[in-house]
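The values are calculated or read from the model by the stated rules, or taken from the named source; none is laboratory data. These numbers come from a predicted model, not from an experiment. Neighbour counts run over all protein chains shown; Cβ positions are idealised from the backbone, glycine included.
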């Protein structure tokens, strides 16, 4: 069965001196996956391990802009609309 996957990686500036990488994985076959990583190095290793190639370019955003992006994606994806973001919100404080 054909499975369309859209992966977005955001570099969220949590504070002036701290940033976290967030992967938003949307799939036409499975539910969405959202994970927070503490460093760019960890996300690069994760992506390389899954796909055998470097991670795509990150989208640099502030925390507020990140949540606006999520709201836009939720309008397009029913699974993401139902996703529980409580742990993600805690991680981005």
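For this structure, a couple of remarks:
- Scanning region 15-45 for residues that are surrounded by 12 or more Cβ atoms within 10 Å (Cβ to Cβ), at pLDDT below 90 and more than 20 Å from residue 80 (Cβ to Cβ) gives a single hit, 40.
- Within region 28-84, tally of residues that are in contact with a strand residue (DSSP E or B) (Cβ under 7 Å, 6 or more places away or on another chain), touching a residue at least 24 places away in the same chain (Cβ under 8 Å) and not in a helix (DSSP H, G or I): 12
- Filter result (in contact with a strand residue (DSSP E or B) (Cβ under 7 Å, 6 or more places away or on another chain) and more than 17 Å from residue 68 (Cα to Cα)) within region 10-27: 19, 27
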